[in-house]
Amino acid sequence: MPSGGKFDPSKIKSPYGALAAFLLVVQAVLIYWFAAAETSFERIAAGIVLTVNAFLFLAALIKVSRIPSAEAAADLKLARQLCGNWIYSSEASSGDTAAGDCTITLAGNQLVLSGTYKVNGVLVGTWSTEMTRLRENRILFYYVLRDKSPGHGLSDAVSVLLFDPQNLAEMVGDWILVGKESRQGSVRFTRKDSSQQ
């Protein structure tokens with residue numbers, strides 16, 4: 001409901017929303033009937049109908065809450081298009097470079113990115129996302145890097161990737177790593193299999 005407590009019928013976007021609004025009006029009439037009933041039989045009948053209508057109203061509300069918004073549906077479609085195998089190359093602000101493979105999958109409605117971490121072609125670790133947020137032309141994700149190099153271990157990192165939704169062959173962005181030593185840099189992802197676009 002908008003502020004001011006006024007009902008705006010233009011906000012109803014689905015048949016279940018319309019059903020819920022209708023059942024709410026019917027519920028109000030049934031409550032009036034129940035309160036105005038003169039005999040116990042009439043009160044029992046009104047109570048039964050009132051209870052059935054309340055369950056129908058709750059079922060309609062549950063159904064309405066599960067209908068994804070148009071924005072969520074568009075994000076889910078985009079997430080499915082991003083799924084697949086990617087390769088990436090990364091350069092730290094210090095000039096150090098790394099590369100690796102990345103797989104993007106969908107778990108529920110959440111993008112999951114995971115991959116390898118190679119320095120000079122040698123596998124030194126793996127990484128995987130803990131949280132991912134997809135919006136229009138960007139992915140923001142928090143991930144954990146498991147570096148097997150001596151003295152490194154686990155590091156937390158955040159990255160933002162930008163892409164063209166019309167051409168999902170490449171993503172570019174920046175990253176920040178916080179661990180035993182903090183680093184930052186840029187990264188470029190390229191889709192391995194361009195037929196998945």
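Looking at segment 31-40, which of the residues that are assigned to a helix (DSSP H, G or I) and hydroxyl-bearing (Ser, Thr, Tyr) is farthest from the chain's Cα centre (by Cα)?
Residues of segment 31-40 that are assigned to a helix (DSSP H, G or I), as a first pass: 31-36, 40.
So of that shortlist, the ones also hydroxyl-bearing (Ser, Thr, Tyr) come out as 32, 40.
Working: Tyr32: 43, Ser40: 52 Å.
Ranking the qualifying residues of segment 31-40, first place goes to Ser40.
Failed condition for Val178, given (1) among the aliphatic types (A, V, I, L, M); (2) under 16 Å from Tyr117 (Cβ atoms); (3) surrounded by 14 or more Cβ atoms within 10 Å (Cβ to Cβ), with all others met?
(3) is the only condition that Val178 fails.
Inspect segment 41-59 for any residue being modelled with pLDDT under 85, under 26 Å from the mean Cα position of the chain (by Cα) and assigned to a helix (DSSP H, G or I) and give the result as yes or no.
yes
Filter segment 112-133 down to the residues that are in a strand (DSSP E or B) and among the small types (Gly, Ala, Ser), then identify the one that is nearest to Ile87 (Cα to Cα). Write out each step before concluding.
Of segment 112-133, the ones in a strand (DSSP E or B) are 112-119, 122-133.
Still in the running and among the small types (Gly, Ala, Ser): 114-115, 125, 128.
Values: Ser114: 11, Gly115: 9, Gly125: 15, Ser128: 14 Å.
By that ranking, first place goes to Gly115.
Could you list, in sequence order, all residues of segment 119-170 that are crowded, with 16+ Cβ neighbours inside 10 Å and under 17 Å from the mean Cα position of the chain (by Cα)?
Correct list: Thr129, Thr132, Leu134, Ile139, Phe141, Tyr143, Ser159, Val160, Leu161.
With respect to Gln27, is the statement that it is assigned to a helix (DSSP H, G or I) and assigned by TED's automatic domain parsing to the domain that holds Glu170 true? Break it down stepwise before answering.
Details: assigned to a helix (DSSP H, G or I): yes; assigned by TED's automatic domain parsing to the domain that holds Glu170: no.
Criteria not met by Gln27.
Cβ-Cβ distance below 7 Å, separation of 6 or more or different chains: which pairs start in segment 11-24 with a residue that is of a type outside the set (D, E, K, R) and surrounded by fewer than 17 Cβ atoms within 10 Å (Cβ to Cβ) and end on one that is modelled with pLDDT under 70 and assigned to a helix (DSSP H, G or I)?
Pairs found: Ser14/Val64.
Considering only residues that are without any contact (Cβ under 8 Å) to a residue 24 or more places away in the chain and either in a strand (DSSP E or B) or not charged (D, E, K, R) (or both), which ones fall in segment 174-197? Can you show your working first?
As a first pass, look at segment 174-197 and keep what is without any contact (Cβ under 8 Å) to a residue 24 or more places away in the chain: 174, 176, 178, 181-182, 195.
Answer for segment 174-197, where residues must be without any contact (Cβ under 8 Å) to a residue 24 or more places away in the chain and either in a strand (DSSP E or B) or not charged (D, E, K, R) (or both): Asp174, Ile176, Val178, Ser182, Ser195.
The values are calculated or read from the model by the stated rules, or taken from the named source; none is laboratory data. Please read these numbers as outputs of a predicted model, since none were measured by experiment. Reconstructed Cβ throughout: ideal geometry from the backbone, glycine too, with neighbour counts over all protein chains shown.
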